[in-house]
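The values are calculated or read from the model by the stated rules, or taken from the named source; none is laboratory data. Treat the numbers as computed from the prediction; the structure is a model and nothing was measured. Cβ placement follows ideal geometry from the backbone for every residue including glycine, while neighbour counts extend to all protein chains displayed. Heavy atoms of the whole protein, side chains included, go into the accessibility calculation; ligands, DNA and RNA do not. Shrake-Rupley method; radii C 1.70, N 1.55, O 1.52, S 1.80 Å.
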Amino acid sequence: MNAEAPVEPGRIVLLTASHRVAPGLLSWPAWQTLRAADRVLCADAEHPQLPYLREAGVDVEIAAPTAQELLDGCAGGRTAVVLATGEGDRALTDGLARIAGSGRVSMPALELLPGSYDLPGARLLDLVQVMDRIRRECPWSSRQTHKGLAKYGIEEAYELVEAIEDGDRDELREELGDVLLQVVFHARIAQEASGAEGDEPFSIDDVAGTIVDKLVHRHPHVFGDARAETPEDVKEHWLRTKAVEKRRESVTDGIPLGQPGLALAAKLAGRVRTAGLEVELPAEDGDRAVGYRLLAMAVRAEAEGHDPEAALRAAARAYRDAIRAVEAAARDRNE
């Protein structure tokens, strides 16, 4: 009497897809697997991929089988594809793991097949969605304005600079996120502008589109036929292009006067030097003589390739450390 041939256990494929990629944009291996499968199952009747699969002729069963039911359905070498839901299929995967761990069952081949992958920058979509919900539902965030948030933009910029100067990469990552939040927050507020009030609304996509166009236009040596051999060549072209774009009459146009004094002095000096102008420094003037001396030092530092604002901050931090050392010594004497 011949022994019965063992039943082929088949194959189970868990197909995942990124919610940050448009539905229907699946990889070729994913489409091949879907078309060749004996069964395609999905527990979510509203899954965003379903209309595209059906349009492509893939029959999808709306079902949530147990692990054992899925195994039984694969008997005889059949292939079942499970389209993962957004919440995941924890009960199913845990059930399959328990059965496999028992060692008493001949398991089908188990495969995790990513149908699509996140592109670089995909998490920015999550940030936009989260910010949109916070703007609608948070009592504090829903009332904020551009003017009300302005001070936070300044604070976050300084905290970012501090993280860079400290060399703390974890802090740098966090502070970059805080600065990015300010951009997304302001863009979300701008969506609500009323044209009737004279302010045209714009979105984060408009913000991104504007900076993309600007970067491409100001880098013809990257995206065009222009040549730039040195960083100085790039900077010169950048400033020349900005002057044409904004129709500036002076090299000082566009320099924010509200920035810290040393940074302002260095920025002005850099513009003068790049433009090849010969400009004498103002003479010392009575009570403000110290300011003119600081201006002269800032101009000299910029000409020598130093950032006077950063140099002063570094010196001030060293001064802070010295103060703390004296305080600590005083505490030790008093103990």
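With +1 on each Lys and Arg Cβ and -1 on each Asp and Glu Cβ, how big is the dipole of the chain about its Cα centre, in debye rounded to the nearest 20? The partial results should precede the final answer.
Values: 40 positive and 58 negative charges, 30 e Å.
Using only the charged Cβ atoms, the result is roughly 140 debye.
Distance distribution P(r), the chain, all Cα-Cα pairs, bin width 10 angstrom from 0: 4, 14, 18, 18, 15, 12, 10, 6, 2, 1, 0, 0 percent. Students often get this wrong: which residues of region 77-99 have the backbone nitrogen under 17 Å from the point 7 angstrom along Cα-to-C-beta of Ala36? So the set is 77-82.
Going from most exposed to least, what order do Phe202, Phe185, Phe223 have by accessible area with a 1.4 Å probe?
Details: Phe202 90, Phe185 10, Phe223 130 Å².
These residues rank, largest area first, as Phe223, Phe202, Phe185.
In this structure, the amide hydrogen of Ala17, modeled 1.01 Å from its nitrogen in the peptide plane, lies closer than 5 angstrom to those of Gly115, counting only residues at least 5 positions away or on a different chain. Of the residues Ile255, Val272, Pro108, the one whose Cα sits farthest towards the positive end of the charge dipole of the chain is Val272 (charges of +1 on Lys and Arg Cβ, -1 on Asp and Glu Cβ, taken about the Cα centre). About its Cα centre, region 1-150 has a charge dipole of approximately 740 debye under the convention of +1 per Lys or Arg Cβ and -1 per Asp or Glu Cβ, with nothing else charged. Farthest toward the positive end of the dipole of the chain, out of Gly24, Gly95, Thr85, is the Cα of Gly24, where the dipole comes from beta carbon charges about the Cα centre. Could you please report the charge total around Asp44, scoring K, R as +1 and D, E as -1 over all other residues with beta-carbon less than 10 angstrom from its beta-carbon? Local net charge: -3.
Restricting region 85-176 to chymotrypsin sites (Phe, Trp or Tyr not before Pro) that sit in a DSSP loop and have at most 14 other Cβ atoms within 10 Å of their own Cβ leaves Tyr117, Trp140. Here the chain has 55 percent of its accessible surface on carbon and sulfur atoms, given a 1.4 Å probe and all protein chains in place.
What the chain shows is 68 Å² of accessible area per residue, with the surface traced by a 1.4 Å probe over protein heavy atoms.
The simple Förster model, with R0 at 25 Å and r as the Cβ-Cβ distance, assigns Asp206 and Leu257 a FRET efficiency of 0.35. Dipole magnitude for region 67-169: about 440 debye, using +1 per Lys or Arg Cβ and -1 per Asp or Glu Cβ, origin at the Cα centre. Within region 103-138, the trypsin sites (Lys or Arg not before Pro) that combine a DSSP coil assignment with at most 16 other C-beta atoms in a 10 angstrom radius are Arg104. Applying the Karplus relation 6.51 cos²θ - 1.76 cosθ + 1.60 with θ = phi - 60° to region 199-212 yields 3J(HN,Hα) values of 10, 7, x, 8, 10, 4, 5, 5, 4, 5, x, 5, 6, 5 Hz, where x marks Gly and Pro.
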